[in-house]
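So the structure is just underneath, and the comments pick up after that.
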Amino acid sequence: MDNRAAQNTELGKFIPRPSRPPVVTSQGLVGWLRKSFFNGFLNTMLTVTVFTLLYLLIRPFIDWALVNAVWSASDRRQCLAINSDGACWAAVIHWFNNLIYGRYPNELQWRVNLGLSFGLLWILPLNLKKVTSKLQIGATGVILYPILASYIFLGGERSNIHYLLACTGLAYLLIVYIDTLLLYLGSKKSSQVIEPLLEPFLGKKADQVGFFLLLGGLVVLIAIVLQGLELEHVPTGSWGGLFITLIISGFSIVMALPIGIFLALGRRSTMPVLKWFSIATIELVRSVPMITVLFMSVTMMPLFFPNTMDLNKLAQVIIAVCIFSGAYMAETVRGGLQTISRGQFDAAKSIGLGYWHTMFLIILPQALRTMIPNIVTSFISLFKDTTLVSIIGLFDIMLMARNISIDKKWFGLHSEPLVAISFLFFIFCYGMSQYSQNLEKKLNKNR
Amino acid sequence: MVAPQNELNASTRKLKNLIYDSSVRSWFIQIFVVLFTAGIAYYLFSNIATNLRQMELPFGFSFIGSTAGFDVSWSLIPYDPSMSYGRVYLVGIVNTLVLSVLIIIFSTLLGIVVGVLRLSKNGMVAQVARWYVEVFRNIPLLVQIVFWFIVVFSNLPGPRQSYALLDLFFLNNRGFYFPFPTFQPEFIWTVIAAIPAILSIFLLQRSSNAYRKKTGKRVPYYHALLAIIVIMVMGVFIVSGSPLSWIIPTLQGFNYKDGGFVPTALVAAFTAMTIYRSASIGETVRAGIQAIDRGQLEAATAIGFPPLKTLRLIIIPQAARAILPPLINLWLTIVKESSLAVAIGFPELVSVFMQTSLNQTGRAIEIVIMVMGFYMCASLTISFFLNQYNKRIQMQEG
């Protein structure tokens, strides 16, 4: 002790020796491997055993799916002739279009792509940070996009109102993109550009009126430009594949949100009638399997309406799935509402907000934010559950895949299509679940 | 001039008060909702009435008594085509329950294993468990069921080349065969002997617990318990002449006869759903174990608890509290999901009643009500017990 103290005073400053680097085997890749795979004799044995088992299990699958696979052949017989030990992916490739679009006519499939890309375009601005009127874009999308999309998908003779509304959808989307572009260029919104022209006549309302004038003008313009365009009619009966899976699950999850919000608010309401009505709806729908709801929609729903009414199976199924997912969404929303502290309600009350203002300006925006991961999770499960529509005979991706084995050329080929769509679903669902987990982490960080 | 305006003001104020009175508003809204719902219901019911009149199918459950006339491929309870639709309903319910109970038991066991393995310190094991969960959770159940049915179990060899385990269990492309117990009438004595044996378990447990509470000493009563069970139950069983025998399936001609049998559809649905749900149960178990404070484990180690005792007395009781409610909800989901077996033709409730019977009788409304009614009863019963359980837990905490 004394010696060292003396040494220190002598030198005036204590200079520690540079510390030795950590043992090579405890850090980096080697360290990680050692720590989690080979720490101790038993663990090493375990790792080796599990690895061997895994290898024995996966190797034959890889041999079948990749090494011995046949990628191009004209029918199953040729597949077997080339290599009978491998997967015959040629069938899946041959049927790929049908797996995606069902029996939608080949030369019209661009319409499906177009309609779905409009949907993507509509979602895109919602993910941009700078865009401010997200609620408006979202709400308008919920109302106008299905009209626009159905016009594009269905084609044929549609009523003028349908045509005009579809044009409105296009026009609105155009305005959103012009505005977003202007926003990133740093200038005003498009409606604000023409605002000064209107201000002398209209005063304060010029902004809103300007927007509607712009929209109206664009609608008329688009309606006139597209006047001569005639889309061939494609009945819903020939829709199918991944396309119909996306339509059913996408439409239902979007519709489930408003249904779920109202049911959840009803459940928390102080009015007994509303409360019990909501509870009964939620609990009854949640207590039955989805397949029974689907069976109900095809067998019982036609009895609900006058038999002169022309119902189509897709609409029936979509209604059923909407109600079903709405009841589940109500519970998600309820969970979200429960995370909001009482203080928020009290604060809203104290500044004199009424019920709807409190809910839509204070509570729901906060609750929805915390709910996004759960909504994505319910979308994943809905997306998977949509395969059930194949049981009642809708040609979704599942039924298309099953139909490959009935095709004369590929008769009896069962496993390849099933593996292929399993892979597709896995990529979709795993990706979405990772996305939702990231969101959850981000939300927790912000708290 | 002044007076009437005042009066007017007073009356408008009264009206305004009335409009903005929250209780009046709530009454108004509720009456509106009731009338609206009633209106829709009236519209739907009048349509149903007209449609049914046109189809000449008056609403009623009398069809339950009439002969079904179709065969059901597999049933636990005796059934033949001359029986009624009511019997078909019962067959469907029993088959659904058999399938769901099997899945519940095995997926829970497998799920616990998966959940514990996911937390393994060995990286290899943890990663394998993780990808097991990810793969089976992210592929639709229906795809998995059809895959197991068509690709795996229907491609098994025929009865003559069945896979056999100990020459007792046989698996082939028709199904799974296993020894089935038969009870002779003397077996009743064993059952009678079992009753006091079971009672003595409870009594022993109680008195041992009481003694422990009083003195702090643990009395090992397991030996006594074992003795009672062995002497009483086994003794009676042997004395009465071993009245239990196993019928072992034997190959006769082209098929196995005797013994127990479940069809391929059940085996496939069971396998697919057990694996699918074991993934989600595994996640629940993992979350439950991770929810326990690390300090609990450290404290147990600090006071010198051996690992097994820590698990039994510290970890499991606390994890159970977090795991059980979501687990019971998953069981409920399994009961509902078992209806997917309809896709591969397993004769459960939806398949025999909502498909076959509905196609034959055309009685959509009655059948939908009956099928949904069963699932509702099952769900409400289970969630009733779940709520009771939750209340008990909460009371202990508070």
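Summary of values
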{"item": "Index of the failed condition, A:F423 passing every other in (1) more than 10 Å from chain B (Cβ to nearest Cβ); (2) surrounded by fewer than 17 Cβ atoms within 10 Å (Cβ to Cβ)", "result": "(1)"}
{"item": "Test: residue in the range B:149-162 that is within 14 Å of another protein chain (Cβ to nearest Cβ) and touching a Leu at 6+ places or on another chain (Cβ under 6 Å)", "result": "no"}
{"item": "Within the range A:14-114, helices (runs of 4 or more DSSP H) holding 3 or more residues that are more than 14 Å from chain B (Cβ to nearest Cβ)", "result": "A:76-82, A:89-94, A:96-101"}
{"item": "Every pair of residues 6+ apart whose Cβ atoms lie under 6 Å, when the first sits in the range B:369-386 and is facing another protein chain (nearest Cβ under 9 Å) and more than 13 Å from B:N329 (Cβ to Cβ) while the second is acidic (D, E) and crowded, with 16+ Cβ neighbours inside 10 Å", "result": "none"}
{"item": "Residues located in the range A:360-403, provided they are of a type in the set (V, I, T) and within 18 Å of A:M255 (Cβ to Cβ)", "result": "A:I372, A:I375, A:V376, A:T377, A:I380, A:T386, A:V389"}
{"item": "Per-region count, the range B:104-144, residues farther than 22 Å from A:W32 by Cβ, crowded, with 20+ Cβ neighbours inside 10 Å and within 10 Å of chain A (Cβ to nearest Cβ)", "result": "9"}
{"item": "Wholly within the range A:136-205, helices (runs of 4 or more DSSP H) carrying at least 2 residues that are modelled with pLDDT under 75 and among the hydroxyl-bearing types (S, T, Y)", "result": "A:190-193"}
{"item": "Check on B:L324, surrounded by fewer than 22 Cβ atoms within 10 Å (Cβ to Cβ), farther than 22 Å from B:L142 by Cα and either among the aliphatic types (A, V, I, L, M) or modelled with pLDDT under 90 (or both)", "result": "yes"}
{"item": "Inter-residue pairs, beta-carbon under 9 Å, first within 9 Å of chain B (Cβ to nearest Cβ) and in the range A:374-389, second outside any helix (DSSP H, G or I) and surrounded by fewer than 22 Cβ atoms within 10 Å (Cβ to Cβ), 6+ apart", "result": "A:I380/B:N138; A:K384/B:N138"}
{"item": "Matching residues in the range B:63-103 - criterion: being crowded, with 20+ Cβ neighbours inside 10 Å and over 27 Å from the mean Cα position of the chain (by Cα)", "result": "B:A68"}
{"item": "Condition broken by A:F277, with the remaining ones in (1) away from chain B (no Cβ under 14 Å); (2) crowded, with 18+ Cβ neighbours inside 10 Å satisfied", "result": "(1)"}
{"item": "Those residues of the range A:404-420 which are more than 9 Å from chain B (Cβ to nearest Cβ) and touching a residue at least 12 places away in the same chain (Cβ under 8 Å), in sequence order", "result": "A:I404, A:D407, A:K409, A:W410, A:F411, A:G412, A:L413, A:E416, A:P417, A:A420"}
{"item": "Options B:S357, B:S338: the member that is polar (S, T, N, Q), buried (at least 20 other Cβ atoms within 10 Å of the Cβ), touching a helix residue (DSSP H, G or I) at 6+ places or on another chain (Cβ under 9 Å) and under 26 Å from B:L57 (Cα atoms)", "result": "B:S357"}
{"item": "So A:L303, is it more than 14 Å from chain B (Cβ to nearest Cβ) and either without any contact (Cβ under 8 Å) to a residue 12 or more places away in the chain or over 30 Å from B:A364 (Cα atoms) (or both)", "result": "no"}
{"item": "Residue check for B:S107: outside any helix (DSSP H, G or I), among the small types (G, A, S) and over 22 Å from B:C377 (Cβ atoms)", "result": "no"}
{"item": "Test result for B:T356, within 14 Å of chain A (Cβ to nearest Cβ), modelled with pLDDT under 85 and in a helix (DSSP H, G or I)", "result": "yes"}
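The values are calculated or read from the model by the stated rules, or taken from the named source; none is laboratory data. These numbers come from a predicted model, not from an experiment. Methodologically, a virtual Cβ is constructed for each residue, glycine included, from the backbone with ideal geometry; neighbour enumeration extends over all protein chains shown.
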